[in-house]
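Reading through the structure tokens given below for one structure.
The values are calculated or read from the model by the stated rules, or taken from the named source; none is laboratory data. Since this is a predicted model, take the numbers as computed values, not measurements. Please note: Cβ atoms are built from the backbone with ideal geometry, for glycine as well, and neighbour counts cover all protein chains shown. What goes into the accessible areas is simple: the full protein's heavy atoms, side chains included, and nothing from ligands, DNA or RNA. Shrake-Rupley method; radii C 1.70, N 1.55, O 1.52, S 1.80 Å.
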Amino acid sequence: MALGCMMTGSVFAATLNVHNGGDASSLDPQKVSGDWENRIVGDIFEGLVTEDTHAEPIPGQAESWEISDDGLTYTFKLRDGIQWSDGEPVTAEDFVYSFQRLMNPETAANYAYLQYSIKNSEKINSGEITDFNELGVKAIDDKTLEITLEQPTPYFLGALTHYTAYPVPKHVVEEKAGDWVRIDNIVTNGPYKPTEWVPGSHVLTTINDKYYDADKLAIDGVKFFTLEDQSAALKRYRAGEFDILTDFPTDQFEWMQENLPGQARVAPFAGLYYYVMNNQKPPLDNADVRKALSMSVVREAIGPQVLGTGEIAAYSWVPPGMANYAEPAMVDWKDLSQADKNAEAKKLLEGAGYNAENPLKLQLRYNTNENHKRIAVAIASMWKAIGVEVELFNTETKVHYAELQEGQLDVARAGWLADYNDADNFLNLLKGGIDYNYGRYQNDEFDKLLAEANANTDAKERAALLKKAEQIALDDSAAIPIYYYLSRNVVSPKIKGFDDNAFDIHRTRWLSIEE
């Protein structure tokens, strides 16, 4: 296992073998979207701000920052001597270039909206403004970057830890264009750099010796394995081939607690597991049909019985515990008995013209994963109880999400893990024109309330507006919240520094291996 030389004590520099789930579609931080990709790009790139072991924002490429009294201007001082992996200096201009590239409509960065708090970013991204120099990101000098916001944004530093805010190497991107991200061209500024990328198999990284803290890294590199079969992953973990699993088959949880004590780790997680419905075409353009499907999902059975790991039933769109939000809004039928929910669901379907002679027929999509399949089978059975006929359809993760973004769905499984600690991050998923609004829900009043909330500098008033918007979406049955996530990892006892946190982010720079 240990490939490097011995370090102090019993800690070895070594290659970490990580079961990473889905296949990375890119290593370009402005082109990725999944947690499996975040684990890789968050090791090989670093933004102005990065995360500590608890996923809290700490200085990254910037050593410090100042915030103006009105909360609109952030001035970042870059660290001395920071470099790209090819030895070129990282400058403030690299960040200006990267934010402009993110907002350039031609980049087609699906996640650009996460940085819309930056002045003029949305107008540039929509094409309304064509002069990229009007973006509120300026290089004062090589080591000083000034970012101006549209309005004070309490979560802005948290948003800067997201990979949309990572810099890309201007000197390489301009020379190589779309090929800059190929393994023989790519240049990075994080603790690690990629040395091998075999689509469908793995990404291999090694220490970036130009990183400012390279001498403190205890792990030589990581092999991120693509593998969506969780049972196979668990077998390989037990055989010593993997050091960390980023998910596990939940029907094995009890066995692991007994036979792998302390290794299966389940922790509260700022995320939502949900089903989207195609709001744009019959039959799911009918709010009564959507409501019937949502009401008949027996959420309380999913976490404890279907999964066995105890996930909490979700009746809100925003998970509890988001900063500055208090209690989220809830569906108004939450406390009915399941018998009453099902009776109302049948009545709604009958009113929409569906009955035993003319049953509602749907296709339910999910990405390949034993737990997603288990949930889909259970929910198909719950819908059968109200007379709905369901065809199950699964594809690999990359294909699944590509098709959802193209609107190819009746009902489909999705999940969202918070990018920053704010209710807005979840509510944006239902906003018109957002790529991750897979069901194409459209409500002008909802969109208007989000805009009003984010223009409001009073935290309580802002929260009230966001909650009002959330209630509209819930009353519309825009989508089906199912449960609030728990993170599920399996971590070898020899791995040190892996701290459970609400964002399930565990950067390799904080880990070590003790043999």
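Residues to consider are 176, 170, 123, 193; find the one that is at pLDDT 95 or above and more than 18 Å from residue 107 (Cβ to Cβ).
Working: 176 fails: more than 18 Å from residue 107 (Cβ to Cβ); 170 fails: more than 18 Å from residue 107 (Cβ to Cβ); 123 fails: more than 18 Å from residue 107 (Cβ to Cβ).
Just a single option satisfies the conditions, and that option is 193.
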* Structure fact -> A careful count of residues in the range 487-497 that are within 29 Å of residue 275 (Cα to Cα) and open to solvent by 30 Å² or more (accessible area, probe 1.4 Å) gives 0
* Structure fact -> Here the qualifying pairs (Cβ atoms under 7 Å; residues six or more apart or on different chains; first in the range 93-105 and over 13 Å from residue 29 (Cβ atoms); second outside any helix (DSSP H, G or I) and open to solvent by 10 Å² or more (accessible area, probe 1.4 Å)) come out as 93/139; 96/138; 96/139; 105/127
* Can you name the condition, by its number, that residue 383 falls short on among (1) aromatic (Phe, Trp, Tyr); (2) crowded, with 20+ Cβ neighbours inside 10 Å; (3) at pLDDT below 95? -> (3)
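Whether any residue in the range 459-479 is assigned to a strand (DSSP E or B), closer than 30 Å to residue 54 by Cα and at pLDDT 95 or above is what I want to check.
Pass one, the range 459-479, residues assigned to a strand (DSSP E or B): 479.
When the remaining residues are screened for being closer than 30 Å to residue 54 by Cα, the result is none.
Scanning the range 459-479, I find no residue that is assigned to a strand (DSSP E or B), closer than 30 Å to residue 54 by Cα and at pLDDT 95 or above, so the answer is no.
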* Asked: When both residues are 6+ apart or on different chains and their Cβ atoms are under 6 Å apart, which pairs have a first residue that lies in the range 324-343 and is more than 25 Å from residue 459 (Cα to Cα) and open to solvent by less than 60 Å² (accessible area, probe 1.4 Å), and a second that is in a loop (DSSP other than H, G, I, E, B) and of a type outside the set (D, E, K, R)?
  -> 338/298; 342/296; 342/386
* Asked: Hey, does the range 402-424 have a residue that's crowded, with 20+ Cβ neighbours inside 10 Å, at pLDDT below 95, in a helix (DSSP H, G or I) and out of contact with any strand residue (DSSP E or B) (no Cβ under 8 Å at 6 or more places or on another chain)?
  -> yes
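Kindly check whether there is at least one residue in the range 163-172 that is in a helix (DSSP H, G or I), more than 20 Å from the chain's Cα centre (by Cα), farther than 21 Å from residue 68 by Cα and free of Cβ contacts under 8 Å to residues at least 60 places away in the same chain. Before the answer, list the steps.
Residues of the range 163-172 in a helix (DSSP H, G or I): 163-165, 170-172.
Okay, now just the ones that are also more than 20 Å from the chain's Cα centre (by Cα), so 170-172.
Okay, now just the ones that are also farther than 21 Å from residue 68 by Cα, so 170-172.
Applying the additional criterion that residues be free of Cβ contacts under 8 Å to residues at least 60 places away in the same chain yields none.
For the range 163-172, residues in a helix (DSSP H, G or I), more than 20 Å from the chain's Cα centre (by Cα), farther than 21 Å from residue 68 by Cα and free of Cβ contacts under 8 Å to residues at least 60 places away in the same chain: absent.
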* Structure fact -> Within the range 90-143, the count of residues that are β-branched (Val, Ile, Thr), open to solvent by 10 Å² or more (accessible area, probe 1.4 Å) and in a strand (DSSP E or B) comes to 1
* Structure fact -> By residue number, the members of the range 476-515 that are closer than 30 Å to residue 288 by Cα and touching a Lys or Arg at 6+ places or on another chain (Cβ under 9 Å) are 476, 477, 478, 479, 480, 481, 482, 483
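Can we say residue 153 is part of a loop (DSSP other than H, G, I, E, B), within 24 Å of residue 457 (Cα to Cα) and either open to solvent by 20 Å² or more (accessible area, probe 1.4 Å) or of a type outside the set (A, V, I, L, M, F, W, C) (or both)? Quick ask: steps written out before the conclusion?
Working: part of a loop (DSSP other than H, G, I, E, B): yes; within 24 Å of residue 457 (Cα to Cα): yes; either open to solvent by 20 Å² or more (accessible area, probe 1.4 Å) or of a type outside the set (A, V, I, L, M, F, W, C) (or both): yes.
Against the criterion (part of a loop (DSSP other than H, G, I, E, B), within 24 Å of residue 457 (Cα to Cα) and either open to solvent by 20 Å² or more (accessible area, probe 1.4 Å) or of a type outside the set (A, V, I, L, M, F, W, C) (or both)), residue 153 qualifies.
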* To do: Hey, could you check the range 265-290 for residues that are in a strand (DSSP E or B) and open to solvent by 20 Å² or more (accessible area, probe 1.4 Å) and say which is nearest to residue 435 (Cα to Cα)?
  => 269
* Any idea which of (1) farther than 21 Å from residue 35 by Cβ; (2) without any contact (Cβ under 8 Å) to a residue 24 or more places away in the chain is the one residue 218 doesn't satisfy? -> (2)
* Within the range 428-446, track down each residue that is surrounded by fewer than 19 Cβ atoms within 10 Å (Cβ to Cβ) and without any contact (Cβ under 8 Å) to a residue 40 or more places away in the chain. => 432, 433, 443, 444, 445
* Hey, any hits in the range 373-388 for a residue that's within 21 Å of the chain's Cα centre (by Cα), within 30 Å of residue 450 (Cβ to Cβ) and not in a helix (DSSP H, G or I)? -> no
* To do: Please specify each residue of the range 54-76 satisfying the condition of being assigned to a loop (DSSP other than H, G, I, E, B), surrounded by 14 or more Cβ atoms within 10 Å (Cβ to Cβ) and at pLDDT 95 or above.
  => 60, 61, 72
